[in-house]
Amino acid sequence: MAVGKSRLEYIKAAHRMERKSRNIGKGGRLIVKSRITELLGIEYPIIQGGMAWVAEYHLAAAVSNAGGLGLLGAASAPPEVVREQIRKTRELTNKPFGVNVMLMNPNADEVAQVIVEEGVKVVTTGAGNPAKYMSLWKEANVRVIPVVASVAMAKLMQRAGADAVVAEGMESGGHIGSATTMTLVPQVVDAVSVPVIAAGGIADGRGFAASFMLGAEAVQIGTLFCVAAEAITHDNYKERIIKAKDIDSEVTGMSHGHPIRCIRNSMTKEYLRLEKEGAGFEELEHLTLGSLRKAVMEGDVVNGTVMAGQIAGLINKTQTCEEIVQDIIGEGYRLLGR
Ligand code: TUI
């Protein structure tokens, strides 16, 4: 025993050393570092997807409070609603969080500006090329993380100044590309020097560990957070995901180049029937107008659009965001031998 130290001090110091060697921080939480945790100032390399209607302030704050990165999904929300959501998130957490900008949103220009005005520190983008906002955000010291579905887009985004990229496979729910997570992630990792976040088909520690084996430094998770206790998603939507089997999703919109993955129901059957008959974009758009809101907010999972990834089949219960994050990190790091 060191001279001058009481037995209690000695035991405390020994416990501190033990926690440090096993990467365990105060409160027993595992400390998990990657370039992404450093870049974003978060505890764990888990990012919540910026899902339209689902990713609002309760969920984003809960994920951030659990040590991951919560995201607000701006989707097609008017800029003032996004501003309000940002302020409400701040009331629930003092941890970092971000905003996802859906680039097909006609309000994207104004939303991009609101993000700067409100001092948001992290932006992810989806469904398009965010190059035109890059200088605005970089000058405001916002970390910019585009979601990409190809190596070409990943390289383009790195050249444009992206801080990291999310490589999203077609297992994901919602708007998708054509490459799978298993093939896309290692190819993007080899093509860029910025850190890569894997997305698509991840809902447990195995998916987390596999992503790291492919070279990713974090994961983005959508479908699993849709069923989180803190998500305001209608119970019918959560139940539909929990009930889903491996092959219960369909991809609509292939014919007009905007493929969307969602759970098979009356809506997808009608959509695919019209597509087969050669219906035009306008007619198909009319069919789905407001249909995601109808499913997420009103619980109409028969006629509404139930966006979800292929991993829905693995998801069988609701958990809090804290439980989700701790389970994935615990299992993931055990599998990785860290
Ligand atoms: O954006 C997503 N997933 C989404 S957005 C969304 S909202 C929506 N609601 C109704 C209809 C349509 C959309 C639902 N799900 N994921 C990120 C993502 N981005 N996946 C694929 C892409 C992508 C696609 C093309 C990224 C870049 C890109 O570039 C095209 C170009 O400009 O060359």
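The values are calculated or read from the model by the stated rules, or taken from the named source; none is laboratory data. This is a predicted model, so every value here is computed, not measured. Positions of Cβ are generated from backbone atoms using ideal geometry, with glycine treated the same way; all protein chains shown enter the neighbour counts.
Numerical summary
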read-out	value
Check on G222, within 22 Å of L71 (Cβ to Cβ), near the ligand (Cβ under 10 Å from one of its atoms), surrounded by 24 or more Cβ atoms within 10 Å (Cβ to Cβ) and assigned by TED's automatic domain parsing to the domain that holds A112	yes
Some residue of the range 231-243 being touching a residue at least 24 places away in the same chain (Cβ under 8 Å), over 22 Å from G313 (Cα atoms) and part of a helix (DSSP H, G or I)	no
Selection within the range 134-160 - surrounded by 18 or more Cβ atoms within 10 Å (Cβ to Cβ), within 13 Å of the ligand (Cβ to nearest atom) and either at pLDDT below 95 or within 15 Å of A112 (Cβ to Cβ) (or both)	I145, P146
Any hit, the range 207-218, residues being buried (at least 24 other Cβ atoms within 10 Å of the Cβ) and in a helix (DSSP H, G or I)	yes
Within the range 292-315, considering residues that are surrounded by fewer than 19 Cβ atoms within 10 Å (Cβ to Cβ) and in contact with a helix residue (DSSP H, G or I) (Cβ under 6 Å, 6 or more places away or on another chain), the one farthest from A228 (Cα to Cα)	N303
Members of the range 51-106 that are touching a residue at least 60 places away in the same chain (Cβ under 8 Å), more than 13 Å from the ligand (Cβ to nearest atom) and among the β-branched types (V, I, T)	V63
T268 being surrounded by fewer than 22 Cβ atoms within 10 Å (Cβ to Cβ), out of contact with any helix residue (DSSP H, G or I) (no Cβ under 9 Å at 6 or more places or on another chain), of a type outside the set (D, E) and closer than 24 Å to S178 by Cβ	yes
Residue in the range 71-82 that is farthest from the chain's Cα centre (by Cα), counting only those that are buried (at least 18 other Cβ atoms within 10 Å of the Cβ) and in a helix (DSSP H, G or I)	P79
Enumeration of residues in the range 168-178 that are surrounded by 20 or more Cβ atoms within 10 Å (Cβ to Cβ) and either more than 9 Å from the ligand (Cβ to nearest atom) or of a type outside the set (A, V, I, L, M, F, W, C) (or both)	E168, G169, E171, S172, G173, G174, H175
Flag if T89 is modelled with pLDDT of 95 or more, closer than 23 Å to A160 by Cβ, among the β-branched types (V, I, T) and assigned by TED's automatic domain parsing to the domain that holds H175	no
Any hit, the range 181-197, residues being within 19 Å of G313 (Cα to Cα) and either crowded, with 16+ Cβ neighbours inside 10 Å or in the same structural domain as S135 (by TED's automatic domain parsing) (or both)	yes
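So that you can scan it fast, the table gives a plain yes or no per residue for (1) more than 16 Å from the ligand (Cβ to nearest atom); (2) on the phi < 0 side of the Ramachandran plot:
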| position | (1), (2) |
| --- | --- |
| L284 | no, yes |
| K294 | no, yes |
| G299 | yes, no |
| V302 | yes, yes |
| A312 | no, yes |
